[in-house]
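Engineer: Here it is, the structure in full.
Here, each number is a calculation from the coordinates, and none is a lab measurement. In this text the structure is predicted, and so the values were computed from the model without any measurement. Backbone-built Cβ (ideal geometry, glycine too); neighbour counts: all protein chains shown.
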Amino acid sequence: MQRFECSWKLIWKTLKDYTEFQGIVIQPVTPREVIRSAVQAGIIDRRKIWMDVIDARNKMSHEYDFGEFHKIIQEIKASYLPLFNDVYLMLQKELPGE
C-alpha cells in the first residue's frame, strides 16, 4: 500500500507541475483541483477514474475491512496503474529527454 501512496503523491504533484508549466493556475492546490485542471486542459482524460484514485487513496488510510481493502487493490492493479503509466508515457513524449 505504501507504494500506491507514494506513486499517487508523485503523480498528482507531477501533474500539478506540468499543468502549471502549461500556464494554468491551480487554486487551491489540492489533488482534486489538480486533476480537474489537468482534465479541463486536455492533459489527461477519464476524470471519473482519476477521482476514484483519490477516493481509494483516502479509503486506504482509514480502511480496516479486508474485503474492501482487497477490492481497492484490484482497482489499483486494473485501473489506476494504467492511468499512471499513461501519464508517464505522455511526459516521455512531451518533455525533452537527456
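Engineer: Note the count of lysine pairs whose C-alpha atoms are less than 17 angstrom apart in region 2-92, limited to pairs 8 or more residues apart or on different chains.
Structural biologist: 6
Engineer: Another question about this same structure. Compute the semi-axes of the equivalent ellipsoid of the chain, taking the square root of 5 times each eigenvalue of the Cα gyration tensor, and list them largest first in whole Å.
Structural biologist: 25, 15, 11
Engineer: For the chain, what is the charge dipole size about the Cα centre, in debye to the nearest 20, if Lys and Arg each add +1 at the Cβ and Asp and Glu each add -1 at the Cβ?
Structural biologist: Around 80 debye, computed over the chain.
Engineer: I've got another one for you. Looking at the chain, which trypsin sites (Lys or Arg not before Pro) are DSSP coil and have at most 16 other C-beta atoms within 10 Å of their C-beta?
Structural biologist: Loop-located and lightly packed - ARG46.
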